[in-house]
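The values are calculated or read from the model by the stated rules, or taken from the named source; none is laboratory data. This structure is a prediction, so every number in the text was calculated from the model and none was measured. All Cβ positions, glycine included, derive from the backbone under ideal geometry; neighbour counts span all protein chains shown.
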Amino acid sequence: MITRLLTVATLVAAFVAVPGGAHAAPAPFQDDFDGAVTADPTYGLNDNLKQRQGTGAVTYSRVSGRWNTGDVPRPWYAQVNHPNHRGKLSMHLGTTAVRLDAPSTGSSISATLTPVAGDRTSGDWSSIALARSANSWGYVSNQDIDLGFLVRANGGVQVFQAGKSVANLPSFASSKSDGSFDVTLTPAGSTLGLSVNGTRKTITLGTAVPTDRLWIYLGRYSDNNRTVSLVDDLRVERMNSDDLRKLPGSQLRYYGYFGARLNAAGGNHLPEVRGRSNLNWVQISDFDAYRPEVLRDCAPAGCVVHTGNEFFDCDAAGCPLHPNAAERWEVLASKVRPYLDRVAGFVLQDEPFHHGARFADVEFSAQRIKNTFPDRKVMLIEAGIRVDDAFTVPAAVDWVGFDEYCTGYEALDARMTKLAERAPGKELFLLPEAAPQSWCADRTDADLESTQYLYMALARQHPAFVGIMVFGPWTGVGPAATGPGTPVPSKFPRATAAQERVAALVLGDARLLG
């Protein structure tokens, strides 16, 4: 078991690769940057990794990209699949860089670099920097860069080692019509094989490049905040992604969001989380109308549909069944049928026992759903405080989750142990918070970042838990909400970035092919 002394730093280190340790056989890597959702606050950098990379889970981190400061620019400086630059890593607003979170262990790195989109004369540049340090700022001519390469929009090329220029070729290659350059770097001891748009040269280096373990930084330099640099078709001959790979025997296979579509006021967030989820909680029965067309945005078998409005009539006094619950359920079932391929299952009334529902009524709703759709899952989510020695799960329920927000490791660990004991044979889910809740409004973005990694670490210790479903952040119950259904603004970039990293690990095994 993990200890109670877990910190943000140690939790992040568990899911973001850092130097050190023994490693298994290396393997190749590619990223075409296609299909990411460029949504605030993380702008697609680590979205849809499994499809982009063919395997997934090799994440990126934003770094300074500057020579004189380690301060990381705002998230929108580096984006993937921007509407104006589809299928590209785009860098905006001056100078910035990103680092791959797994090191290269081979001798060939290639990419298509466009220093200035739409410009073939500028001296501004794109760069590939290789360093033994995972903590570099990523600037090509800094002292900690073992090999730095830049290509200017005008075709000039420079190569650096440890802060010194080893090659300056002002007119090395001509750009393609769109201003791009196909670049391949092949370090081999004290030489560098260089290819830029078919122009090749072997460059003698000052010192040998230790290619057994080098971190890759992609950057751009410009004083013009209106220009954009692009990266596409990144290829690394060999890369070691052990630190980012699922642990052997990991049982986790679902990741998604509770309330990805709650009601019309809260908005439909399924398109936003498409690339970092495979199971999302949605509601299509609003008080004024059914809106089953929302299910079109679910991945195949990618949503669980809430049924609480159909079966239960909950208020402050209790949570009884509707007298016509069976008929109400049949209406919802008829609305779902045309989209059934998008539905993995159905969720019972949220926290039914906490809201006062009787076990017999919950059992009735679960069995009714199972009778109608026997090949779909039935899910029960209960408040953690109700998961005690008296907690019982209806036989027709397949998946059981609990929520207990803003609590620590010991309480969560105890609750997970109790749920596994009280729901034997069921597959279990965790629901970490994505935004501060009204009862713990002082939680910072850094606190929420830590929460994502804490839940991931705990899930790995409890084999009955197969999924994580993040609560919100658009659920309308946090301190920023002005009323029911009003979404809490999702301005938590560190927490959202952590969710993308955890999703990458759950959804895409980083064991690269080869």
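Could you say whether any residue in segment 285-299 is under 25 Å from T392 (Cα atoms) and modelled with pLDDT of 95 or more? No: segment 285-299 contains no residue that is under 25 Å from T392 (Cα atoms) and modelled with pLDDT of 95 or more. Confirm whether I381 is in contact (Cβ under 8 Å) with a residue 60 or more places away in the chain and over 30 Å from K491 (Cα atoms). Answer is no for this residue.
Please tell me if A383 is touching a Phe, Trp or Tyr at 6+ places or on another chain (Cβ under 9 Å), surrounded by fewer than 20 Cβ atoms within 10 Å (Cβ to Cβ), in the same structural domain as V304 (by TED's automatic domain parsing) and at pLDDT 95 or above. Here the answer is yes, as A383 does meet what is asked. For F364, the conditions (1) in contact with a Pro (Cβ under 8 Å, 6 or more places away or on another chain); (2) in a helix (DSSP H, G or I) are fulfilled apart from (1). Quick check: anything in segment 371-380 β-branched (V, I, T) and either part of a helix (DSSP H, G or I) or in contact with a Lys or Arg (Cβ under 7 Å, 6 or more places away or on another chain) (or both)? Yes, some residue in segment 371-380 is β-branched (V, I, T) and either part of a helix (DSSP H, G or I) or in contact with a Lys or Arg (Cβ under 7 Å, 6 or more places away or on another chain) (or both). Would you say G483 is in the same structural domain as V282 (by TED's automatic domain parsing), at pLDDT below 95, over 28 Å from A344 (Cα atoms) and not in a helix (DSSP H, G or I)? Here the answer is yes, as G483 does meet what is asked. Count of segment 65-98 residues, restricted to those that are crowded, with 21+ Cβ neighbours inside 10 Å and of a type in the set (K, R), is 1. Here segment 150-176 is the region considered, the condition is being polar (S, T, N, Q), in a loop (DSSP other than H, G, I, E, B) and under 17 Å from S229 (Cβ atoms), and the residue that is farthest from the chain's Cα centre (by Cα) is N154. The set of residues from segment 381-424 being assigned to a loop (DSSP other than H, G, I, E, B) and under 12 Å from V362 (Cβ atoms) comprises F391, T392, V393, P394, A395, A396, V397.
Within segment 185-202, the set of residues being part of a loop (DSSP other than H, G, I, E, B) and closer than 15 Å to A173 by Cα comprises N197, G198. Based on what the data block shows, is F311 surrounded by 22 or more Cβ atoms within 10 Å (Cβ to Cβ), in the same structural domain as W399 (by TED's automatic domain parsing) and within 28 Å of the chain's Cα centre (by Cα)? Spelling it out, it is not the case that F311 is surrounded by 22 or more Cβ atoms within 10 Å (Cβ to Cβ), in the same structural domain as W399 (by TED's automatic domain parsing) and within 28 Å of the chain's Cα centre (by Cα).
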